[in-house]
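The next block holds one structure in the form of C-alpha cells; read it before the comments.
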Amino acid sequence: MILTQTGSQLSGTWVSKTVTGTVNGDVVNGRLYKTDDPEVFWDFNLTMSADGKKFSGWHTLQGGKTFNGVKK
C-alpha cells in the first residue's frame with residue numbers, strides 16, 4: 001500500500017483499490033474502494049499507536065460493521 005498525505009487529505013492505492021480520506025492528528029477516516037468498481041467499498045476509521053508502528057480501529061464493508069475482521 002502506498003499512501004500520500006497532503007495537508008489533511010490522504011490518498012493512495014493498494015493492489016486494484018483506491019484509498020481516500022482525511023487525517024486529524026493520529027486519526028484517519030476514509031474509504032477504500034475497488035478502482036474498477038467504486039460501488040464496492042469499505043469505510044474505515046483508524047487510530048495510529050503512540051509509537052507510530054500500528055493502527056487500531058474499525059472498517060465497514062458496504063454498511064456491515066466489522067472490527068478486527070470480525071463481522072458485528
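No lab work stands behind these numbers, since they all come straight from the coordinates. This is a predicted model, so every value here is computed, not measured. Counting neighbours? That spans all protein chains shown, and the Cβs are built from the backbone with ideal geometry, glycine included.
Observations, loosely collected:
- Structure-derived Rg and Dmax of the Cα atoms in Å - corresponding label in (i) 12.2, 35; (ii) 17.5, 61; (iii) 12.0, 38: (i)
- Summing charges over all other residues whose Cβ lies under 14 Å from the Cβ of ARG31, with Lys and Arg as +1 and Asp and Glu as -1, gives -1.
- Sorted on the mean count of surrounding Cβ atoms within 10 Å across their residues, most packed first, peptides 53-61, 21-29 read 21-29, 53-61.
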